[in-house]
Amino acid sequence: VAFNLALTVAGSEENVLLVDLNVKKPSLQKLLLKNPEIKNGISDFCAGDVEINDMIYNYKNNFDIIFGGSPMSRPDGERISQLLTKIKQNYDYVIIDMPDCSSGADVSMISDMCDDLAFVLRCDSTSVSDIKSSFRHVLYSKARFIGFILNEAKYTGSSYYNGYGNGYRYGSYGRYSS
């Protein structure tokens, strides 16, 4: 979802940086690189082994990516703050792929460094208690909460407008309303 959002924004001629801060399970490098054993990522930066410019991978003209690197237990908050402060100066948008809801401390730390925040919810997977718990972590952060993105919703095939055309309904949508 973060990759597709970044790619879409980059299509409007904005300078975009996608940062994989899901450091326990970095996935972007496996998805996008032929050789996913990239040496320069967030984990290397947090360890002090590389500088910011050594991590930036140009994906397309105005679309750069910083990969997670080797899996690590938790990012260094001070180093991540330095990183985000510096890179915000060079990009119109910095989109951060963060850990899932269950890693509340990481989400809380990172969300304090963001301007805006949206939650991606996997249909039939993310529990209401995880959503509420994570929301409590970011409720008092500096980030402005801009909404939810429902991912992997299944089209049910029924017509919403009873014959008027192409309306859509999504299965299990009501489960997130408590």
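The values are calculated or read from the model by the stated rules, or taken from the named source; none is laboratory data. It should be emphasised that the depicted structure is a prediction, and the values quoted were computed from it without experimental measurement. Quick reminder, even Gly has a Cβ in these numbers, built from the backbone with ideal geometry, and neighbours come from all protein chains shown. Surface areas here come from the heavy atoms of the whole protein model, side chains and all, with no ligands, DNA or RNA. Shrake-Rupley method; radii C 1.70, N 1.55, O 1.52, S 1.80 Å.
Every test in (1) outside any loop (DSSP other than H, G, I, E, B); (2) at pLDDT 90 or above; (3) not hydroxyl-bearing (Ser, Thr, Tyr) is passed by residue 90 save one, and that test is (1). Does residue 111 satisfy the criteria of being of a type in the set (Ser, Thr, Tyr) and under 25 Å from residue 92 (Cα atoms)? Yes, satisfied.
The single condition among (1) at pLDDT 90 or above; (2) over 22 Å from residue 88 (Cβ atoms) that residue 62 does not satisfy is (2). State whether the residues of segment 8-18 include one that is under 30 Å from residue 129 (Cα atoms) and either touching a helix residue (DSSP H, G or I) at 6+ places or on another chain (Cβ under 8 Å) or assigned to a helix (DSSP H, G or I) (or both). Yes: one or more hits. Considered as a group, the residues in segment 58-100 that are surrounded by 20 or more Cβ atoms within 10 Å (Cβ to Cβ) and of a type in the set (Asp, Glu) include one that is nearest to residue 112 (Cα to Cα), and that residue is 97. One residue is enough: does segment 112-121 have a residue meeting the conditions of a type outside the set (D, E, K, R), over 18 Å from residue 80 (Cβ atoms), open to solvent by 50 Å² or more (accessible area, probe 1.4 Å) and part of a loop (DSSP other than H, G, I, E, B)? No, segment 112-121 has no match at all. Count of segment 123-174 residues, restricted to those that are part of a helix (DSSP H, G or I), surrounded by 11 or more Cβ atoms within 10 Å (Cβ to Cβ) and modelled with pLDDT under 70, is 1. Once segment 102-111 is narrowed to residues that are within 15 Å of residue 132 (Cβ to Cβ) and open to solvent by 30 Å² or more (accessible area, probe 1.4 Å), the residue that is modelled with the highest pLDDT is 108. For segment 7-45, the candidate set comprises residues that are aliphatic (A, V, I, L, M) and modelled with pLDDT of 90 or more; within that set, the residue that is most open to solvent (accessible area, probe 1.4 Å) is 7.
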